[in-house]
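Structure, as C-alpha cells:
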Amino acid sequence: MRSFKNILSPDCRGSRVGCNSLMSAGDTPATTEVRSRSSLPFRRFHWLFGALAGAFLLAGALAPRADADVLAYFNFEGNTFTSFPAPGPGGLYPLLQNQTILNSPTDPFPPGGLLVTPAVGTILNELVPDVPTTNTALELRGNTQGTANMDCFRFGINTTGYAQASLSFALASLGNGSQFTQMEVRYSTNGGATFTVTPEGLVTITRDALYHLYTFDISGAGNTANALIEVCFTGSTTNNAANHTYLDNLQINAVVPEPATVVGGVLGVVGLCWHQRRRLIRSLRWRRT
C-alpha cells in the first residue's frame with residue numbers, strides 16, 4: 001500500500017528517495033504538504049492583484065477631467081463678419097464671445113477679396129443645432145498682381161483660464177487652378193507685435209470643389225485675455241471670377257484642465273502602493289528563498 005501511495009503522490013514521481021522519506025512520517029503530512037504548495041502562490045500574490053486593480057480603478061476615477069467650451073463660432077449668416085452670439089444655437093453655448101473678423105493690417109486681402117457670399121456654405125463643422133438661413137460662407141480671393149502674397153484676416157479671442165485651444169473650419173476651393181494653394185494659422189499674445197505659426201505650419205489646400213475640415217492647434221495662445229488669431233492664405237496669383245475659396249463654420253474650442261484632480265489621482269495611487277509596500281517586500285523575500 002505504501003508503494004502504491006508513493007506512485008500516486010505528485011512529489012514522488014520524480015524521486016523515489018524523496019518519496020520514501022516523506023512517507024515515513026505518515027500519509028497525512030505528505031498530503032497536507034501537496035495542498036499547501038498548490039495554494040501558496042495565490043496566498044502570496046492575491047493581495048498584489050487586488051492592490052493593482054484598486055490602483056487602476058482609483059486612477060480611472062480620479063483621472064484628469066477636461067471640460068471643452070466653444071468660445072467663438074462664425075457661421076457668416078446674416079451677411080455679417082461677426083461671430084454667433086451667446087447662448088448659441090439652442091441656447092447650448094453660453095460662453096460664446098462677441099468677435100468680429102477684420103482684414104489684416106499687415107497682410108490684407110486685396111479689395112473685394114474678403115466677402116460674405118450666400119448659398120455657398122456647408123453643414124460641415126456646424127454647431128448643433130444650428131440651422132443656417134441662407135447657407136452663407138466667407139469667400140476669399142487673391143490679388144491681381146500675379147504674385148503669391150500672404151493674405152490674412154484676423155479676430156480676437158479671450159482664452160483666460162484655458163490651457164488648450166483649437167481652431168477649426170470647413171474649407172472648399174474651386175477654380176481654374178490659380179486660386180489659393182496653401183494656408184496657415186498664427187496667433188499673437190502681445191497685441192499683434194509678433195505672431196507665431198501653429199505647429200501645423202503651412203497646410204496644402206485640397207482643391208476639389210468639396211468642403212474639407214481643417215483643424216489647427218492654437219494652445220500657444222492659451223490663457224491670454226487679448227489673443228489675436230490670423231488665418232492666412234497664399235498661392236493665388238489672380239482674382240479671376242472663376243476662382244473661389246469658401247470658408248464656413250469657424251470654431252474656437254478650448255479645454256480647461258483640472259490640476260487638483262490630477263494631483264488627487266496621483267496621491268491616491270501612491271498612497272495605495274505605500275500601504276502595500278510591506279507585503280510587496282515580504283513577497284520578494286519569499287521568492288528569493
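Values for this structure:
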read-out: Residue that is most open to solvent (accessible area, probe 1.4 Å), among those in the stretch 79-111 that are within 15 Å of LEU247 (Cα to Cα) and in a loop (DSSP other than H, G, I, E, B); value: ASN79
read-out: Subset of the stretch 153-196 that is in a strand (DSSP E or B) and of a type in the set (Ser, Thr, Tyr) - its residue that is nearest to LEU115 (Cα to Cα); value: SER173
read-out: Strands (runs of 3 or more DSSP E) fully within the stretch 209-258 counting 3 or more residues that are under 17 Å from ARG141 (Cβ atoms) and either in contact with a His (Cβ under 6 Å, 6 or more places away or on another chain) or open to solvent by less than 40 Å² (accessible area, probe 1.4 Å) (or both); value: 227-234, 244-256
read-out: Residue that is surrounded by the fewest Cβ atoms within 10 Å (Cβ to Cβ), among those in the stretch 161-208 that are among the aliphatic types (A, V, I, L, M) and under 24 Å from ALA225 (Cβ atoms); value: ALA193
read-out: Test for LEU62: is it surrounded by 12 or more Cβ atoms within 10 Å (Cβ to Cβ) and modelled with pLDDT of 50 or more; value: no
read-out: Checklist (1) within 28 Å of the chain's Cα centre (by Cα); (2) part of a strand (DSSP E or B) applied to GLU139, failing item; value: (1)
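The values are calculated or read from the model by the stated rules, or taken from the named source; none is laboratory data. These figures come from a predicted structure and were not determined experimentally. Note that each Cβ is placed from the backbone with ideal geometry, even for glycine, and that neighbours are counted across all protein chains shown. We work out accessible area using only protein heavy atoms, side chains counted, and drop any ligands, DNA or RNA first. Shrake-Rupley method; radii C 1.70, N 1.55, O 1.52, S 1.80 Å.
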